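These notes concern the structure reproduced below.
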């Protein structure tokens, strides 16, 4: 079955999206329980078992409010995540009039498959990267950097657009946005807890008469452990997203464009040049290439470019040119060319302390005298 319409992958992404949303509420409840356990340990002098039961009672009481707050977080992120990403990256929406070349390439791909044309955005950056965002057909958008537009040819840009369209079609974009929402929510509450802890928000009475047994200390250790577990799980959620989505998107792009060499060439040009300044790790995980690598590929959200290229060569019949060297940015070249010569430069104007350098000329031409050329005597 063609990678672009891989039904099993689409259904798997839908199931994962639902599971991730359920996991978000579970992690929030875990954080609420940890906070309640800490509060009880600092206010009640009891053993660990009693503190755990009291914290569970507090969780049941606070569950409706926690559920409402989490649902509100999801709703806000659902409708405004694109605005937040645009604010981080500085992306702007463009039309056919603004970017006729880019818009025509995207429109042709969409027409060939009967897909609604997503919004098109450009980010002013010399980095070479692109990403897709959105939760439904009205929100889907594809963002490319100006550096990618300047250094890739039409066939390569078309391959990148096909890659991002495949992410939209396969449901990868929706799942990534949900994962970002989860990571953001858990990171926010976990960081809030630790800030309140270290800056005095949860300090209990410290009078000499307030002596607590080992129960309170052990309960606090358990609470901190639960918060750490929730924070780590929010990070693992992103790592649990199948990295095969990038391989499938590459294959889907080849199916759309019928040009595996263009996809390979685009990946080689983007390789190591995709770092978006100021972008969060969540945004980088949405990009066609994430240069922020971990231990080998163990903690990477993307397979390496070598792995992706090898798959395209093996299964799509492409040809790997190897790493590609790109020209320096235009502004750097113009800066070097326009630099004025200094007083000790060989290009400096001649003066009393800088006599003119002799100019090499061609061999003397017959008939040229010391005061200029003269005609030869005609016989």
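Read the figures in this text as sums done on the coordinates, not as results from a lab. What you see is a predicted model, and the numbers here were worked out from it, not measured in a lab. Quick reminder, even Gly has a Cβ in these numbers, built from the backbone with ideal geometry, and neighbours come from all protein chains shown.
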Contact order relative to length for segment 67-156, counting C-alpha pairs under 8 Å separated by 6 or more residues, stands in percent at 24
In terms of the alpha carbon gyration tensor, root eigenvalues a ≥ b ≥ c, rounded if a/c is under 1.5 and otherwise prolate when a/b exceeds b/c or oblate, segment 84-140 is oblate
One finds the C-alpha centres of segment 251-275 and segment 117-139 to be spaced, in Å, by 17
Residues 175, 263 in order from fewest to most other beta-carbon atoms within 10 Å are 175, 263
Using alpha carbon centers only, segment 142-170 is separated from segment 31-46 by a whole-angstrom value of 51
Long-range alpha-carbon pairs in segment 1-138, meaning those over 23 Å apart, account in percent for 60
